[in-house]
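Quick notes on the structure that follows.
The values are calculated or read from the model by the stated rules, or taken from the named source; none is laboratory data. All figures in this text were calculated on a predicted structure; none of them were measured in a lab. All Cβ positions, glycine included, derive from the backbone under ideal geometry; neighbour counts span all protein chains shown.
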Amino acid sequence: MPIVNRIADMHGEITAWRRDIHAHPELLYDVHRTAAAVADKLKSFGCDEVATGIGRTGVVGVIRGGKGSGRTIALRADMDALPIEEATGAPYQSTVPGKMHACGHDGHTAMLLGAARYLAETRNFAGTAVVIFQPAEEGGAGGQAMVQDGLMERFRVEEVYGMHNYPGLPVGQFALRPGPLMAAADRITIEIEGRGGHAARPHFAVDTVLVGAQIINQIQSIVARNVDPLQAAVISICVFQAGSTDNVIPQTALLRGTARSLTPQVRDLLEKRLHEVVEGTARLYGATAKLTYKRDYPITRNHERQAAFAASVAAEVVGRERVDDQIAPVMGAEDFSFMLEARPGAFIFVGNGDSAGLHHPAYDFNDEIIPLGTSYWVKLVETALQG
Ligand SMILES: [Zn+2]
Ligand SMILES: [Zn+2]
């Protein structure tokens, strides 16, 4: 099958929606313009139900099939942008200084709108398709907010599917894997307290810069020496703040970073060893260090059966040889993970071609892939809900 004909016809229109969203990026939960446009479109397509304000600014559309009752399958897109100054030079580039769609959520939203329109027009399935548009994927846990707001129960969702564009994966390809696909991402904050003093009299001080440096070094022994070498883990300290001038030993220092893992066991190990290493190292130098380990996004874990099903649907769109159903996991994180903890489902990558990477100022969603992603969504519903 390749692309659904009607969807090929809609390519220009969906592209226009995508570029309009692109030109008006909004952050986190403040996706008011985008959410309003999504809700208006869903109503104009004739969705049976359009609900707004779920998980603060999330939008849900309900489309009942024309072939009678059946199961309920949900498809999810994200709507938020990033605090990045755009450097694409595209004619439709961001009109908002310091904000841009650098993760392709504009494309995700537009493709799911296209699918909703097609499904509402044709209704060639038995059961119910639920389209979910979530806010705050980029660090705000909007997916969790929608789940906590009763998303799954209210719309009787039985399975849930997500999709993300993937720079570097050629256009016309899909990729996923059963089990862990993306990492758990946890936030590390370390507050070090020493004793400030004159830079020339270090023996009367407890130097928090030295303690911070030692902690950063010791922390890397956790991944190198405590985690099974056949398991994946990352600890990156990305912020080191201390001092304000060259002749004062600072009283305090602050470290911040991220810990990533693909299994609950490794996640537990990282948290436990970070406490021991951080607190123990500080003590060794006569300082104190308080570690706050905040469990943020969970592991994005595809369910076996749904991942196999998603791969078979993608194969219908692009051919079996262009679907990698055993891609290596990535250490990035996704808050679709909260939805996969609530219901069985699968997350799939769609190739964005040779574009700049996600979160880069020159990144742009590739409009060529719109018919592929949209066809995947409608095929998924029509196949899962054959009746
Ligand atoms: Zn992102
Ligand atoms: Zn993203």
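So here's what we get for this one:
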{"quantity": "Selection count, the stretch 170-190, where residues are part of a loop (DSSP other than H, G, I, E, B) and either in contact with a Leu (Cβ under 7 Å, 6 or more places away or on another chain) or surrounded by fewer than 19 Cβ atoms within 10 Å (Cβ to Cβ) (or both)", "calculated": "5"}
{"quantity": "Close pairs (6 angstrom Cβ cut-off, 6 or more residues apart or separate chains): within 23 Å of ALA145 (Cβ to Cβ) in the stretch 52-79, acidic (Asp, Glu) and more than 16 Å from ligand 1 (Cβ to nearest atom) anywhere", "calculated": "ILE54/ASP149; GLY55/ASP149; VAL62/ASP48; VAL62/GLU49; THR72/GLU158; ILE73/GLU159"}
{"quantity": "Subset of the stretch 251-269 that is surrounded by 22 or more Cβ atoms within 10 Å (Cβ to Cβ) and more than 22 Å from the chain's Cα centre (by Cα) - its residue that is farthest from ILE215 (Cα to Cα)", "calculated": "ALA253"}
{"quantity": "Strands (runs of 3 or more DSSP E) wholly inside the stretch 36-142 containing at least 1 residues that are of a type in the set (Phe, Trp, Tyr) and at pLDDT 95 or above", "calculated": "128-134"}
{"quantity": "Residue within the stretch 307-324 that is more than 30 Å from GLU121 (Cβ to Cβ), away from ligand 1 (no atom under 16 Å from the Cβ) and modelled with pLDDT of 95 or more present", "calculated": "yes"}
{"quantity": "Residue selected from the stretch 83-113 under the condition over 20 Å from GLY351 (Cα atoms) and crowded, with 24+ Cβ neighbours inside 10 Å, by the criterion farthest from ligand 2 (Cβ to nearest atom)", "calculated": "GLU86"}
{"quantity": "Single unsatisfied condition, GLY168 versus (1) over 24 Å from GLY61 (Cβ atoms); (2) among the small types (Gly, Ala, Ser); (3) away from ligand 1 (no atom under 15 Å from the Cβ)", "calculated": "(3)"}
{"quantity": "Check on ALA116, of a type in the set (Gly, Ala, Ser), closer than 18 Å to ALA39 by Cα and away from ligand 2 (no atom under 16 Å from the Cβ)", "calculated": "yes"}
{"quantity": "ASP335 vs. criteria away from ligand 1 (no atom under 15 Å from the Cβ) and charged (D, E, K, R)", "calculated": "no"}
{"quantity": "Residue that is farthest from LEU119 (Cα to Cα) [pool: residues in the stretch 1-31 that are in contact with an Asp or Glu (Cβ under 7 Å, 6 or more places away or on another chain) and assigned to a helix (DSSP H, G or I)]", "calculated": "HIS22"}
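Matching residues to (1) hydrophobic (A, V, I, L, M, F, W, C); (2) surrounded by fewer than 23 Cβ atoms within 10 Å (Cβ to Cβ); (3) farther than 24 Å from ILE84 by Cα; (4) in contact with a Leu (Cβ under 9 Å, 6 or more places away or on another chain):
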position	(1), (2), (3), (4)
ALA342	yes, yes, yes, yes
ILE348	yes, no, yes, yes
ALA356	yes, yes, no, no
HIS360	no, yes, no, no
VAL378	yes, no, yes, yes
